[in-house]
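Working notes, beginning with the structure itself.
The values are calculated or read from the model by the stated rules, or taken from the named source; none is laboratory data. These numbers were taken from a predicted model, which means no experiment stands behind them. Note: ideal-geometry Cβ built from the backbone for every residue, glycine included; neighbour counts use all protein chains shown.
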Amino acid sequence: MPTPQDKLAESLAVLKKLQDEGIVAIHTKNMTRTHRERLIKSRFIKGVMKGWYIPVRPEEPSGESTAWYASFWDFCGDYLKSRFGNQWCFSPEQSLSIHSGNWNVPEQLLVRTPRGGNKPISLLHETSIMDVRLKLPDKNDIEIKENLRMMTLPAALISIAPGYYSKNAIEARAALSMISDASEILHKLLEGGRSTIAGRLAGAFRNIGKNGIADNIIEAMRAAGYSITENDPFEEKHTIIFSERELSPYVNRIG
């Protein structure tokens, strides 16, 4: 007759198989109720929301957030894929933060999806997901990083709210610094006739010392017949001139 230790070992083998498959967000469908309850009781998994769990260390103190913050992005990728398939992506602001190298866990992760519920889903440690019912960007404007669907850098720069520049100046400047040529962003500005956004981006690029890109944006928009007024969205000038050649956001976040 199997001992309690044998039974736990059996359940741990099921958990290990899931982890070997790269699954972090464990759904009730991933294991039987018997295994699930055994692992919860032994503190090898923890509930995140109804029907969803993450692996944890049994010695982790109650209320400790380490496992959750270490699992956050993987959990969200698994959960959102399970719920929406490929019909979702991060908001432009969240996409830009990741492009700029900021992987800090947000209090609320903003997600676009045509099937959104327009209400927050509470997670652990006062974090949440807000799935907003919005049309997705063109498929060419979405890229996947580490199982996470986000807007491409040019698409996110065009779509962010004006207030992002003052609230997230480091991320905004780091993201802008990754654009090495106006052509990377001009086609989207021209095809949409986005003269106001073009003027804001020209001002933003000039703020970080990329005058050539700023001038090219203005000249191209005017040549296409659009009226454009340059507008710096940052609250202050930056004393550091960002590298024209270094494309790593981590380098340009320093300072």
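Key figures
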read-out: Tally, over segment 43-56, of residues that are surrounded by fewer than 17 Cβ atoms within 10 Å (Cβ to Cβ) and either in a helix (DSSP H, G or I) or in contact (Cβ under 8 Å) with a residue 12 or more places away in the chain (or both); value: 3
read-out: Number of positions in segment 149-167 that are surrounded by fewer than 20 Cβ atoms within 10 Å (Cβ to Cβ) and among the aliphatic types (A, V, I, L, M); value: 1
read-out: Options Lys119, Lys167, Lys145, Lys139; residue that is assigned by TED's automatic domain parsing to the domain that holds Glu236, over 13 Å from Ser91 (Cβ atoms) and of a type outside the set (A, V, I, L, M); value: Lys167
read-out: Yes/no for Pro137 being touching a residue at least 60 places away in the same chain (Cβ under 8 Å) and under 25 Å from Gly193 (Cβ atoms); value: no
read-out: Cβ pairs under 6 Å, 6+ apart, first in segment 15-42 and in the same structural domain as Pro4 (by TED's automatic domain parsing) and under 18 Å from Asp74 (Cβ atoms), second of a type in the set (Ser, Thr, Tyr) and not in a helix (DSSP H, G or I); value: Ile26/Tyr53
read-out: Any hit, segment 102-111, residues being out of contact with any His (no Cβ under 9 Å at 6 or more places or on another chain) and touching a residue at least 40 places away in the same chain (Cβ under 8 Å); value: yes
read-out: Test set (1) buried (at least 21 other Cβ atoms within 10 Å of the Cβ); (2) closer than 16 Å to Cys76 by Cα - Ala202 fails condition number; value: (2)
read-out: Qualifying residue in segment 58-73 (condition: of a type in the set (A, V, I, L, M) and crowded, with 17+ Cβ neighbours inside 10 Å); value: no
read-out: Failed item in (1) in a helix (DSSP H, G or I); (2) closer than 17 Å to Leu124 by Cβ, with His35 passing the rest; value: (2)
